[in-house]
Amino acid sequence: MYPPRSQKKRTGSKNRKKKQRRLWLTLNACLLLMIVILLATYFLAENRGAAGVPQQQPSSANTERNETAAKDNGTAPDSDAGSKKDEPEAEAADPAKEEPAEKPDKPGKAQSQTQQTGETQENDGQKQPPQQNKDNPPADAADQGDGGKDAGAEDSEAAKEHSIMKDDGKSVTIHFVGDMIFSGKVETLLEKNGYSYPFHYLGDMFKKDDLTLGNLETPVTTGGVSAQNKQFVFKSSPQALEALRAAGMDVVNLGNNHILDQGEVGLLDTINYLDQSGIQYVGAGKDADRAYQPVYFERGGMKIAVIGASRVYPETNWAAGTNKPGVASAYDKASRVIATIGEARKKADLVIVMVHWGIERALTPNDIQKKLGHDFIDAGADLIIGGHPHVLQGLEQYKGKWIAYSTGNFIFTKSGTPSTWKTAVFQATCKKSGCSMKLVPFHAELGQPVPMNAQEGSQLMKELQNLSIGGVKISGDGVVTPGS
């Protein structure tokens, strides 16, 4: 018996609906697949872009271009230090109108010297090297390629001669520390507690040594115009330098990715205030000659040269040139830095290089850091002091010379990354034949280093030993010994 017509109609309707659902599911599946493919393509492109260098990085080998991520032009993303909202409103100011604070008395250390053979006396009392014949744009080191190789060979011979130099019993004690800013929330804290607040727990440590060095990660100015292409920009009060000098700081590295946060005016103002405070500077200057120039100190019967440079900055125009303020560049094989080390080696008993390099929050140095550190020592350096990662990295002894790959933060804000909360004062006791090393552990609290207790310090020393290269040993009390 045939089914009723109404039943046939219902059955046909159900079949049509099933076909429609299948078609709809098929279309949705295809659309979803297309969306997944598009998203995957987008994220792959983003990841490739993130692996490159910041905008307008100096033209160099592809391996160099992969060193610094786009984040390297500021502090840690989870840090609120110096963000534009934290900064005081920028004032347009002529650097000639800046009135630096009156120069305080120096706290008892021997006078520094910046004399070099063949230099001419400048009005500011410092001697400058002879004017270079060529400009020094960011990629200018490539122009010195052949000469750099010849100089490098000569410098290596000078380094070998120095390495076998016999000690005469003279030694110096040197302290060096990591990144320092007096901006943003740090500035707010210092305005409340006084600008000597960061040095409360240091006592006379920096006053009793022979030389103290640190990285000044901020322009010091009341003017300038904030950089518009950066997530984090800093600006610190001249009062900070008065307190820094009173605490015993002798020389700061300006070669970093923040010194031009307030433009060239901010850099020139910083130099002005440093000159007035009595703190020497390296790694940046009013032109390329001054940026690459070492400063020399006579301490304990030894002549010490200090050189500064940066392999991290956001744009090529941050590099110093002829009649152009900027930083000493360590890009393009760091040819000019290496040549400067070689010249300093001929004049000094001890050559120290302060360099900004590496990747933020990375606990281990990358291949470029290790290569540059070795190249600097091959050229004649005795001690390499690294900065920029905002965390402590390990140490390495190469050909009997120490490399501290990253000294971390010292006077800084406190971000959400726990590894940035650990720091140390590095102590080098140096003779003409080399340096011994010791670390004093500190917590990097907001705007103030605070000593760790014995247990915390011992744990940090274990961590740094594990991060160090070549079997370096670090005892619980911070004494560093090379691997066998």
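Given the structure, is Ala158 at pLDDT 95 or above, surrounded by fewer than 24 Cβ atoms within 10 Å (Cβ to Cβ), outside any strand (DSSP E or B) and aliphatic (A, V, I, L, M)? Give the derivation first.
Values: at pLDDT 95 or above: no; surrounded by fewer than 24 Cβ atoms within 10 Å (Cβ to Cβ): yes; outside any strand (DSSP E or B): yes; aliphatic (A, V, I, L, M): yes.
Judged against the criteria, Ala158 is not a match.
Please work out if Gln239 is surrounded by fewer than 22 Cβ atoms within 10 Å (Cβ to Cβ) and closer than 22 Å to His390 by Cα. When the stated conditions are applied, Gln239 does not pass them.
Yes or no, residue by residue, for (1) at pLDDT 95 or above; (2) in the same structural domain as Ile181 (by TED's automatic domain parsing); (3) surrounded by 21 or more Cβ atoms within 10 Å (Cβ to Cβ):
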{"position": "Ile377", "(1), (2), (3)": "yes, yes, yes"}
{"position": "Gly380", "(1), (2), (3)": "yes, yes, yes"}
{"position": "Ile384", "(1), (2), (3)": "yes, yes, yes"}
{"position": "His388", "(1), (2), (3)": "yes, yes, yes"}
{"position": "Tyr398", "(1), (2), (3)": "yes, yes, no"}
{"position": "Ser406", "(1), (2), (3)": "yes, yes, yes"}
{"position": "Gly416", "(1), (2), (3)": "no, yes, no"}
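Given the structure, is Lys346 in a helix (DSSP H, G or I), assigned by TED's automatic domain parsing to the domain that holds Pro449 and on the phi > 0 side of the Ramachandran plot?
For Lys346, the condition - in a helix (DSSP H, G or I), assigned by TED's automatic domain parsing to the domain that holds Pro449 and on the phi > 0 side of the Ramachandran plot - is not met.
Take the conditions assigned by TED's automatic domain parsing to the domain that holds Trp318, in contact with a Ser or Thr (Cβ under 7 Å, 6 or more places away or on another chain) and not β-branched (Val, Ile, Thr) and apply them to Glu242. Does it pass?
Numbers: assigned by TED's automatic domain parsing to the domain that holds Trp318: yes; in contact with a Ser or Thr (Cβ under 7 Å, 6 or more places away or on another chain): yes; not β-branched (Val, Ile, Thr): yes.
Yes; evaluated as a whole, the condition is true for this residue.
Of the residues making up region 220-245, those that are of a type in the set (Gly, Ala, Ser) and assigned to a loop (DSSP other than H, G, I, E, B) are Gly223, Gly224, Ser226, Ala227, Ser237. Tallying residues that are under 22 Å from Ile368 (Cβ atoms), out of contact with any helix residue (DSSP H, G or I) (no Cβ under 9 Å at 6 or more places or on another chain) and of a type outside the set (S, T, N, Q) within region 307-348 yields 1. Between Glu298, Glu315, the distinction of being at pLDDT below 95, out of contact with any Leu (no Cβ under 7 Å at 6 or more places or on another chain) and surrounded by fewer than 24 Cβ atoms within 10 Å (Cβ to Cβ) belongs to Glu315 only. With respect to the conditions (1) in contact with a helix residue (DSSP H, G or I) (Cβ under 8 Å, 6 or more places away or on another chain); (2) crowded, with 24+ Cβ neighbours inside 10 Å, Thr364 lacks only one, and its number is (2). State whether one or more residues within region 359-372 are within 22 Å of Thr173 (Cβ to Cβ) and either modelled with pLDDT of 95 or more or in contact with a Leu (Cβ under 9 Å, 6 or more places away or on another chain) (or both). Among the residues of region 359-372, not one is within 22 Å of Thr173 (Cβ to Cβ) and either modelled with pLDDT of 95 or more or in contact with a Leu (Cβ under 9 Å, 6 or more places away or on another chain) (or both), which makes the answer no. Is it the case that Thr429 is surrounded by fewer than 24 Cβ atoms within 10 Å (Cβ to Cβ) and either on the phi > 0 side of the Ramachandran plot or assigned by TED's automatic domain parsing to the domain that holds Ala330 (or both)? Considered against the rule, which asks whether it is surrounded by fewer than 24 Cβ atoms within 10 Å (Cβ to Cβ) and either on the phi > 0 side of the Ramachandran plot or assigned by TED's automatic domain parsing to the domain that holds Ala330 (or both), Thr429 comes out as yes. The residues in region 191-204 that are under 23 Å from the mean Cα position of the chain (by Cα), outside any loop (DSSP other than H, G, I, E, B) and surrounded by fewer than 24 Cβ atoms within 10 Å (Cβ to Cβ) can be counted, and the count is 1.
Could you please find all residues in region 308-336 being among the aliphatic types (A, V, I, L, M) and without any contact (Cβ under 8 Å) to a residue 60 or more places away in the chain?
The first filter runs over region 308-336 and keeps only residues among the aliphatic types (A, V, I, L, M), leaving 309, 312, 319-320, 327-328, 330, 334.
Selection gives Ala309 alone.
Residues in region 316-349 that are in contact with a strand residue (DSSP E or B) (Cβ under 6 Å, 6 or more places away or on another chain) and among the charged types (D, E, K, R): Arg345, Asp349.
For region 371-395, the set of residues classified as in contact with a strand residue (DSSP E or B) (Cβ under 8 Å, 6 or more places away or on another chain) and without any contact (Cβ under 8 Å) to a residue 40 or more places away in the chain consists of Gly373, His374, Ile384, Gly386, Val391, listed by residue number.
The values are calculated or read from the model by the stated rules, or taken from the named source; none is laboratory data. All figures in this text were calculated on a predicted structure; none of them were measured in a lab. Cβ: placed from backbone, ideal geometry, glycine included. Neighbour counts: every protein chain shown.
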